[in-house]
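What follows is one structure encoded as structure tokens, with my remarks underneath.
The values are calculated or read from the model by the stated rules, or taken from the named source; none is laboratory data. It should be emphasised that the depicted structure is a prediction, and the values quoted were computed from it without experimental measurement. Every residue, glycine among them, receives a Cβ derived from its backbone with ideal geometry; neighbour counts consider all protein chains shown.
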Amino acid sequence: MAKDGEKSGWKEYIWNPRTREFLGRTASSWGLILLFYLVFYIFLAGLFTLTMYVMLQTLDDHKPTWQDRLSTPGMVIRPKTDETYEIVYNVENTESWDMYAQALDKFLAPYNNSVQAEKNNECVPDQYFLQEDSGDVKNNPKRSCQFNRTILDLCSGINDRYYGYQDGKPCIIIKLNRVIGMLPSKDGQAPFVTCGAKKEDSDKIGELLYFPPNGTFNLMYYPYYGKKAQVNYSQPLVAVKFLNITANQDVNIECRINANNIPIGSDRDKFSGRVSFKLRINTIN
Amino acid sequence: MGADRSPKKKKGGTKDMDDLKKEVPITEHKMSIEEVCRKFNTDIVQGLTNAKAAEYLIRDGPNALTPPPTTPEWVKFCRQLFGGFSILLWTGAILCFLAYAIQAATEDEPAGDNLYLGIVLTAVVVITGCFSYFQEAKSSKIMESFKNMVPQQALVIREGEKVTINAEEVVGGDLIEVKGGDRIPADIRVVSAHGCKVDNSSLTGESEPQSRSPDCTHDNPLETRNVAFFSTNCVEGTARGIVICTGDRTVMGRIATLTSGLETGKTPIAKEIEHFIHIITGVAVFLGVTFFILAIILGYSWLEAVIFLIGIIVANVPEGLLATVTVCLTLTAKRMAKKNCLVKNLEAVETLGSTSTICSDKTGTLTQNRMTVAHMWFDNQIHEADTTEDQSGASFDKSSVTWLSLARVAGLCNRAQFKAGQDSLPILKRDVAGDASESALLKCIELSCGSVRAMRDRNKKVAEIPFNSTNKYQLSVHETEDPNDNRYLLVMKGAPERILDRCTTILVQGKEQPMDEELKEAFQNAYMELGGLGERVLGFCHVLLPEDQYPKGFAFDTEDVNFQTDNLCFVGLMSMIDPPRAAVPDAVIMVTGDHPITAKAIAKGVGIISEGNETVEDIAARLNIPVSQVNPRDAKACVVHGTDLKDLSQDQMDDILRNHTEIVFARTSPQQKLIIVEGCQRLGAIVAVTGDGVNDSPALKKADIGVAMGISGSDVSKQAADMILLDDNFASIVTGVEEGRLIFDNLKKSIAYTLTSNIPEITPFLFFIIVNIPLPLGTITILCIDLGTDMVPAISLAYETAESDIMKRQPRNPARDKLVNERLISIAYGQIGMIQALGGFFAYFVILAENGFLPSRLVGIRLNWDDRSTNDLEDSYGQQWTYEQRKIVEFTCHTAFFVSIVVVQWADVIICKTRRNSVFQQGMRNKILIFGLFEETALAAFLSYCPGMDVALRMYPLKPSWWFCAFPYSFLIFVYDEIRKLLLRRNPGGWVERETYY
């Protein structure tokens, strides 16, 4: 009996034909409250838009307000596999390294000399390519320096289509994250990349070859002025070729930037100013 | 009386209880001593034989009360741990663990959030559970009852020898002896007594010692003189009696068994919290399911959607609220304890405030308990008493001989006296030792005739019979003022009709005249008129005892009255009024031992029966028709006589309670209280019962809140009650009502405050799912709000003063006036919470934009953003970010969102101070709240700036400007709510009130 009462109570709550109430409210009551909330939320949305608009007006178009989190730029390697920083392949199995080659092909396509010549300027090397605005007059668009694929030489993929993967001497390309206005060096000394094995693997890494020589990022590619002002900016690259790395073993490698104007990143961030990855080349021989 | 005469209890629950509710089935008092001896096979001189005693002991068991089934401590603890609100948190915790389990099973590196949240939820429940367990343990430890009532030793006569045995070994039929100072070891039928007096106060509440003798003086075993009851005290004299009942079969044992067997319902606040949980669960499930469906539509996998579902449901759980509610109740309990109201059960703190029906036999509950003399009747005329300090308002001739006689009787036949050291105080303000009506008389006589003490010194008291409920009078015998007059003056006061019965003459204009019918009618009219004013009327008479019969030095025996107590001379009436309290709840049911006429009058006086409402009898009298012809539905008010109540069926009882708004039960026995309480509860009322006797304890236990007296109350009644008035001052009940209502209002505010921040806590997660932005607010920061910054302000609202005179309000209707209703949710979630969320989101967008991620870049960024291997994520300016770099920004956003919630919660706590008034009317006098504002801000700053927080809680220092992001929204909240409350006040009952007044 109690259940029946409850049931009809529920039914009545959903639709009460006597008072014409749906969920405890009449149509006009629903209308009023919904109208109120509609108006209220439109008002709030308007207000939010207004404050957001005001906030966006205070921003600079070319440089973010704060860059303190980017004081040590991140470093990234290519080719990059899905989730992990691991390059593992089998020399005899073409399919296992072909994807790396393809990824590098794709990554280096914008660095083709023809593309670079078309879009970018030749700059004076070994000095910053400063294009400052003079007061309120913006010096835009800003020009960018060429970074020709050929600079990477053996790792450019031009002569060696498979970047050395096929004979167990793979190339890894390293880039430094773009940070607007960053000047990586104080006194004309170009920052350079060094790679080394982690402690226990130090005897397995073998000989390394850097392109450009010494693994430098030429100063002429700095500073970066942001994607709006410097549309065609080509990020400088450093390639590392592992000439005789021990096969069939995990080799943990860490590359780091050496620059006198870049603070050493926090311990927590494994990718600021350095990059670690694992290389394992399997071979039957 | 003794409707059920079966001496043994029946087996089986309800039948047993019904049996116990009936009145005492003792019949031995009506038997002759020989019959009793025969019944128990005992001997009036020799007592039982040892063999018989042993046999009876085996048959009946020891003479001890079965201790009430005490709940083991761990059960009490579990009740705290799993009761009410905790269930919600437990569910949340289990869901969290479930979600974590799913994640752990499906992902390589499961995010620890759900695990931590589950652990924190568990910790919160356990800690608050422990807290309230210890709180209650502290209060309930104060009373330890039944065991102490069992007397340790008893003097029995067995086989003609007096032996002292352990009282537990006393059996029915034992011949025992008690003397002054002893506790009666069992219910005994007195066979001989020498000046024996017992104090029955623990059983009946009557404080005057009553004499015991072998004669049956009353049909009712409770009132007859030849039965002494288990656990009452023998005050003086000695008595010998045969044990007729032992252990649980004694009167006390029956009541104790009845009391401990009664089921008590949930407290109103527990019901409110249950309702609140329903609402919260409803909202949580609704949101969860909605976003589950959305997530599926948006292409998330089933498992992800389930994780979201759980996340949303758990996010709705207000983690801090359980602690807040517990602390608020504790604070109120402490505040009440300071005012001598000890609350045994935390949840009962609020109950008194919701009480819609008070069943009280003490009119002191309903009135100010400041009795003053209002009228007098003498010389066949009603005079108004002069209560001014300088006697300027005299309305009658003070030199009248009758008045002087009346004043003398009132002053002499009076045991009240001023407490010492108050001579400088005005008479009306002095403290008096004595009961209320005697104090009133004392003050009145002191005012108009000067020192009563001097009068008493001149008329030395030689004998006195104090007032008791059987005599209904008080008398004393004095020497006369005139040293040459050796006669004694007998003065008497008491219930007017009883006094009149004892008078044959009446003093008119100083002359004694025979009492004729005409004067009797004049008396009746005056009595009715004064009674009708709601005043307590006392009659006064005196007589000068003839010297030949009562020579100087005559030994007046007040025990066996050996002097004349009739053929007295009636002097006059005095009536006293106890001004009603303004705060009497509307539906007070008066349950009183008073006469129906007096009860009705008092009820009218204190507004229990309001003006213009009539009882059936009133209608009958007005229309001049017999009572039977009046339609009972016409009468709103009703006076039920206790003897009628006995014959009413449950339906008739319900009918009376339902169809009359104003009811007075007169001449009710305390047992009938239980029936009345049950009746009221059946009709949905929240019932408070006051009482002090053991007989009251079933009603006290059954009531939603039982109020026992701390000093005069028996241990059993204190055990059964939820609240104890430590100083026996009924004014404390009003304190209780006030505090209860205040805490109910303030809990609403506290909950409104706490719930509001739920929206800015949930919406980030929703947007994270729906538009794939980086998470704006993390689990840790949510917990920092709920269990950190929100706590003190939420608790501080418990210190908020009332907005209006809460005592003038109707008691809340538990069916309509809920602690948390849809309007509160609408305001907290739909309006204020939304503004708060916008404030938080604004801070979030500001930080990301200032760091390079404009809002347009954020939408849809989530997958890359949360990908650990993407370390060159591009922002709006073309810069590239490592995972850790952008996570630091994200956590800075969490911190800023958290700080923004603190900022908008400033405004929220200020608007929650009032529900109707403007903050400007209410003021900012709540120091705890101001402390709370500073405390939460300091805590937020600490969490943001303290070194090491980045590692410990992943909270980062904010740029000073980011603190101000939410300021406009905080201001908006304040202005919006002030406008809302302004509209609310301007249009009472208008749309704003109907939709937003919580």
- Cβ pairs under 9 Å, 6+ apart or interchain, first in region A:248-274 and on the phi > 0 side of the Ramachandran plot, second of a type in the set (A, V, I, L, M, F, W, C) and surrounded by 19 or more Cβ atoms within 10 Å (Cβ to Cβ), ordered by first then second residue, are A:Asn248/A:Ile281; A:Gly273/A:Met75; A:Gly273/A:Leu176; A:Gly273/A:Ile257; A:Gly273/A:Ala259; A:Gly273/A:Ile262
- Query: Can you tell which of A:Asn218, A:Asn244 is of a type outside the set (D, E, K, R), out of contact with any Lys or Arg (no Cβ under 8 Å at 6 or more places or on another chain) and away from every other protein chain (no Cβ under 14 Å)?
  - Reply: A:Asn218
- Tally of residues being within 11 Å of chain B (Cβ to nearest Cβ) and not in a loop (DSSP other than H, G, I, E, B) across region A:247-275: 3
- Reported set for region B:959-998 where residues are away from chain A (no Cβ under 11 Å), polar (S, T, N, Q) and either in contact (Cβ under 8 Å) with a residue 40 or more places away in the chain or at positive phi (or both) is B:Ser970
- Query: So is B:Ile832 within 14 Å of chain A (Cβ to nearest Cβ) and either buried (at least 24 other Cβ atoms within 10 Å of the Cβ) or out of contact with any Pro (no Cβ under 6 Å at 6 or more places or on another chain) (or both) or not?
  - Reply: yes
- Message: Quick test of your reading of the structure: A:Arg18 fulfils all but one of (1) within 26 Å of the chain's Cα centre (by Cα); (2) more than 9 Å from chain B (Cβ to nearest Cβ); (3) not polar (S, T, N, Q). Name the failing condition by number.
- Response: (1)
- Query: Does A:Cys155 fit the bill of being crowded, with 17+ Cβ neighbours inside 10 Å and within 23 Å of the chain's Cα centre (by Cα)?
  - Reply: yes
- With respect to B:Gly607, determine if the residue is outside any helix (DSSP H, G or I), more than 28 Å from B:Asn813 (Cβ to Cβ), modelled with pLDDT under 75 and out of contact with any Cys (no Cβ under 7 Å at 6 or more places or on another chain). no
- Message: Just the residues that are touching a Cys at 6+ places or on another chain (Cβ under 9 Å) and more than 24 Å from B:Arg980 (Cα to Cα), please, taken from region A:9-61.
- Response: A:Met55
- Message: Of everything in region B:624-642, what is farther than 21 Å from B:Ile609 by Cα and either outside any loop (DSSP other than H, G, I, E, B) or touching a Cys at 6+ places or on another chain (Cβ under 8 Å) (or both)? Give them in sequence order.
- Response: B:Ser628, B:Gln629
- Being part of a helix (DSSP H, G or I) and at pLDDT below 95 narrows B:Ile835, B:Ile780 down to just B:Ile780
- Residue in region B:884-906 that is surrounded by the fewest Cβ atoms within 10 Å (Cβ to Cβ), counting only those that are facing chain A (nearest Cβ under 7 Å) and of a type outside the set (A, V, I, L, M): B:Glu884
- Within region A:65-76, work out how many residues are facing chain B (nearest Cβ under 8 Å) and part of a helix (DSSP H, G or I). 2
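Let's see how each residue does on (1) under 30 Å from B:Asp866 (Cβ atoms); (2) surrounded by 11 or more Cβ atoms within 10 Å (Cβ to Cβ):
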{"site": "A:Gly9", "(1), (2)": "no, no"}
{"site": "A:Asn16", "(1), (2)": "no, yes"}
{"site": "A:Gly24", "(1), (2)": "no, yes"}
{"site": "A:Ser28", "(1), (2)": "no, no"}
{"site": "A:Leu32", "(1), (2)": "no, yes"}
{"site": "A:Phe40", "(1), (2)": "no, yes"}
{"site": "A:Met55", "(1), (2)": "yes, yes"}
{"site": "A:Leu70", "(1), (2)": "yes, yes"}
{"site": "A:Pro73", "(1), (2)": "yes, yes"}
- Can you name the condition, by its number, that B:Ser918 falls short on among (1) within 12 Å of chain A (Cβ to nearest Cβ); (2) closer than 25 Å to A:Val39 by Cβ? (1)
- Quick check: is even one residue across region B:31-45 among the aromatic types (Phe, Trp, Tyr), outside any loop (DSSP other than H, G, I, E, B) and touching a strand residue (DSSP E or B) at 6+ places or on another chain (Cβ under 8 Å)? yes
- Task: Consider A:Val238 carefully, then state whether it is more than 14 Å from every other protein chain (Cβ to nearest Cβ), under 18 Å from the mean Cα position of the chain (by Cα) and closer than 19 Å to A:Val179 by Cβ.
- Result: yes
- Message: Name the single residue that is nearest to the chain's Cα centre (by Cα) among those in region B:808-841 being over 21 Å from B:Glu272 (Cα atoms) and hydrophobic (A, V, I, L, M, F, W, C).
- Response: B:Ile832
- Message: Anything in region B:454-492 that is over 22 Å from B:Leu573 (Cα atoms), modelled with pLDDT of 85 or more and among the charged types (D, E, K, R)? List them, or say none.
- Response: B:Asp457, B:Arg458, B:Lys460, B:Lys461, B:Glu479, B:Arg487
- Note on the structure: Within region B:926-984, restricting to residues that are of a type in the set (A, V, I, L, M) and assigned to a loop (DSSP other than H, G, I, E, B), the one that is farthest from B:Gln836 (Cα to Cα) is B:Leu953
- Over region A:222-233, the set of residues assigned to a loop (DSSP other than H, G, I, E, B) and buried (at least 19 other Cβ atoms within 10 Å of the Cβ) is A:Tyr222, A:Pro223, A:Tyr225, A:Gln230, A:Tyr233
- Item | Test for A:Thr81: is it more than 8 Å from chain B (Cβ to nearest Cβ), within 17 Å of B:Asn864 (Cβ to Cβ) and not in a helix (DSSP H, G or I) | yes
- Note on the structure: Among B:Gly852, B:Gly860, the single one that is surrounded by fewer than 19 Cβ atoms within 10 Å (Cβ to Cβ), at positive phi and either in contact with a strand residue (DSSP E or B) (Cβ under 9 Å, 6 or more places away or on another chain) or not in a helix (DSSP H, G or I) (or both) is B:Gly860
- Could you look through region A:32-53, keep only residues that are among the β-branched types (Val, Ile, Thr) and more than 7 Å from chain B (Cβ to nearest Cβ), and pick out the one that is farthest from B:Cys965 (Cα to Cα)? A:Val39
- Task: Go through region B:712-737 and give me each residue that's of a type outside the set (A, V, I, L, M, F, W, C) and within 26 Å of B:Asp435 (Cβ to Cβ).
- Result: B:Ser712, B:Gly713, B:Ser714, B:Asp715, B:Ser717, B:Lys718, B:Asp727, B:Asp728, B:Asn729, B:Ser732, B:Thr735, B:Gly736
- Task: Please work out which one of (1) touching a Ser or Thr at 6+ places or on another chain (Cβ under 7 Å); (2) surrounded by 12 or more Cβ atoms within 10 Å (Cβ to Cβ); (3) within 12 Å of another protein chain (Cβ to nearest Cβ) is the condition A:His62 fails and give its number.
- Result: (1)
- Item | Those residues of region A:242-274 which are crowded, with 17+ Cβ neighbours inside 10 Å and among the β-branched types (Val, Ile, Thr), in sequence order | A:Ile245, A:Thr246, A:Val251, A:Ile253, A:Ile257, A:Ile262
- Confirm whether B:Gly878 is surrounded by fewer than 24 Cβ atoms within 10 Å (Cβ to Cβ), at pLDDT below 95 and either at the interface with another protein chain (Cβ under 8 Å from one of its Cβ atoms) or in a helix (DSSP H, G or I) (or both). yes
